[in-house]
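Novice: First, the structure itself, so that you have it in front of you.
The values are calculated or read from the model by the stated rules, or taken from the named source; none is laboratory data. Predicted model, so just to flag it, every value in this text is computed and none were measured. Cβ sites come from the backbone with ideal geometry, for glycine too, and all protein chains shown count toward neighbours. The protein model used for the area step is the full one, side chains on, heavy atoms only, and it has no ligands, DNA or RNA in it. Shrake-Rupley method; radii C 1.70, N 1.55, O 1.52, S 1.80 Å.
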Amino acid sequence: MKKIILLWGLSLLPSGLLGGTAPSTPGTEILDDPLVYVRPFPDLPKLIDPSVVNDLFSYSVVPQIHATLFRLRDNIPAPYLVSSFEVSHNSQTYRFRLKEAKFHDGTPLTANHIKASFENAIRNRATNFEGFKAINGFENYLRKTSTHITGISHGRDELEVVIELKEADSEFLAKLTDIRFSIWKVDSHPEIGLGPYRVLKMGKGSIELLRFPQPALDLPESGPRKVLLVQRNLSQAISGYRNQDLHDLFFYSVSFTERNQFSAFSHQRSVFFPRTYALVLNSRRLRDVTSRRQILQSFDATKLAKACFPEEKTTKSLIPPGYLGHDESLVADSPPLSILPPRVETLPTSRLNFIIIDSIGSELCAKKEIERQFKGQRRVRVRIESLSDWVKHWSASDIDGALIYIEGETTLHYFGAFQPNSEFSFGDVDDEAFDDFFHQFDMNKDLNRKHESAKSLSLHILSRNVIKPLFHQKPILIYNKRFRDIGTQFTSAALLPLTVFNPENRDE
């Protein structure tokens, strides 16, 4: 596994531009239309090859435009692009009959699109691509000793796909629900898919989706005729929602007081998709473990939470509740330390440069608290930046640390954020033991053993002193009462489909 959806995966959720000129407001003809849904984003989604999507905003839009072979319904894989399928007695051969679906440009779906999409995702090393290593020919294709994956082939006609495994995989159908393995016309335009909406218009600060009739997929007939995705920072989003110009606040951390103010015209629902708020250090700049330990132990997470996030309870666990490996007793209490005055030679600067992700919530308060705690110990500069700007600085190793949160679809994805040598990592670049710990966790099929392996991996990550967990938070889904229900067909709160809609019951 190479990448993670940071909310960004596993994934960093909200960001956005602080201040500045607000994007233009949609016209009244859009907002007044009862069949148009307007969803704000801190950073506008990117309509790119689904296999390389690694930010949550883009990740949330993929299922609206694209479709997978299977999708999750109540956490059970159910056929989506597949009309029927057969599995051999040894569970190593899968024969899928495809539905007679059409892409948004009218092109009929065929077995060729399945093979090309899977080869593209594996070639790009999509998140969790190694989960498909049981397919015959996977290794040869990855090593480029074969131009195709031999285990994916045509069946009796162009609507039949056969996938052969070298060993049985009890989780195989669940893996087919991964949106990185959406089916699309590879080497064509990635915004052309098989999903319930097609891209109608793309502007500088907005994307407009139009509902696409797809009888073969058996989707609900009701639903917003159009979906308008608009870029808004936190204050703009809250103001727009209060004025009922925007229809949800899924991607924003909203205070308890603000939630109470919205109660008259909102549905509010807590979902089990935990986030870990944390202070992370960039090991590409702060390479010395002892120095990192001094920095993290000198920081009092309880004081930060009490000052800026009073509804939250600090945690000692890296892993959120509900994920394998969660254990509050893993990390012993450590008294705050003073950072030693002598400059460690491996540090690139005597001043620490931190970034707080805009729209994480209470940004100004967190900035002041971090500056207050480090005052007199080491010079520190704290900035509030958008997610996209933070990514640039982190990737270029221009900053020493950040206040973020991490999410994961699974524990496996969660740990992926700490891959030392991944393209984007919160891990320690000098952590040679990580792969062994991760392999032990990944290979365990017994859940009890997997749980113990996850605890060992969690403890190992904490020992590298690259992250200090602050608290875990459940997202609160806030959406306008005009929409009767916005259910989830996926495991992630960010993937809430916009397909269940009742314009006749606005006050329900």
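Novice: Being small (Gly, Ala, Ser) and at negative phi is the filter here, so list the residues in the range 364-400 that pass it. Give the steps one after another, and end with the answer.
Specialist: Looking only at the range 364-400, we keep the residues that are small (Gly, Ala, Ser), and these are 366, 376, 386, 388, 395-397.
Once the filter is applied, which keeps residues that are small (Gly, Ala, Ser) and at negative phi, the range 364-400 yields 366, 386, 388, 395, 396.
Novice: List the strands (runs of 3 or more DSSP E) that sit entirely inside the range 68-165 and contain at least 1 residues that are among the charged types (D, E, K, R) and open to solvent by 50 Å² or more (accessible area, probe 1.4 Å).
Specialist: 70-73, 82-87, 93-98, 160-164
Novice: Filtering the range 395-423 down to residues that are closer than 22 Å to residue 295 by Cβ and either of a type in the set (D, E, K, R) or in contact with a Cys (Cβ under 7 Å, 6 or more places away or on another chain) (or both), which residue is most open to solvent (accessible area, probe 1.4 Å)?
Specialist: Here the answer is 398.
Novice: Still on this structure: If I ask for residues that are open to solvent by less than 10 Å² (accessible area, probe 1.4 Å), over 30 Å from residue 447 (Cβ atoms), part of a loop (DSSP other than H, G, I, E, B) and not small (Gly, Ala, Ser), which ones from the range 275-330 would you list?
Specialist: Result: 282, 286, 299.
Novice: Determine whether the range 266-274 contains at least one residue that is open to solvent by less than 60 Å² (accessible area, probe 1.4 Å) and basic (Lys, Arg).
Specialist: Within the range 266-274 (the criterion being open to solvent by less than 60 Å² (accessible area, probe 1.4 Å) and basic (Lys, Arg)), the answer is no, since none of the residues qualifies.
Novice: So, one more: What number of residues in the range 375-434 are assigned to a helix (DSSP H, G or I), at pLDDT 90 or above and farther than 21 Å from residue 276 by Cα?
Specialist: 1
Novice: Name the single residue that is modelled with the lowest pLDDT among those in the range 166-183 being under 20 Å from residue 109 (Cα atoms) and among the hydroxyl-bearing types (Ser, Thr, Tyr).
Specialist: Within the range 166-183, the match that is modelled with the lowest pLDDT is 177.
Novice: Open to solvent by less than 40 Å² (accessible area, probe 1.4 Å) and either over 30 Å from residue 109 (Cα atoms) or in a strand (DSSP E or B) (or both): is that true of residue 186 in this structure?
Specialist: Values: open to solvent by less than 40 Å² (accessible area, probe 1.4 Å): yes; either over 30 Å from residue 109 (Cα atoms) or in a strand (DSSP E or B) (or both): no.
The answer is no for residue 186.
Novice: Could we say that residue 350 is modelled with pLDDT under 85, part of a helix (DSSP H, G or I) and either hydroxyl-bearing (Ser, Thr, Tyr) or open to solvent by 40 Å² or more (accessible area, probe 1.4 Å) (or both) here?
Specialist: For residue 350, the condition - modelled with pLDDT under 85, part of a helix (DSSP H, G or I) and either hydroxyl-bearing (Ser, Thr, Tyr) or open to solvent by 40 Å² or more (accessible area, probe 1.4 Å) (or both) - is not met.
Novice: Can I ask one more? For the range 227-264, which positions are open to solvent by 30 Å² or more (accessible area, probe 1.4 Å) and modelled with pLDDT under 85?
Specialist: Result: 255, 256, 257.
Novice: Given the structure, is residue 458 more than 17 Å from the chain's Cα centre (by Cα), modelled with pLDDT of 90 or more, over 24 Å from residue 299 (Cβ atoms) and open to solvent by less than 40 Å² (accessible area, probe 1.4 Å)?
Specialist: It is false that residue 458 is more than 17 Å from the chain's Cα centre (by Cα), modelled with pLDDT of 90 or more, over 24 Å from residue 299 (Cβ atoms) and open to solvent by less than 40 Å² (accessible area, probe 1.4 Å).
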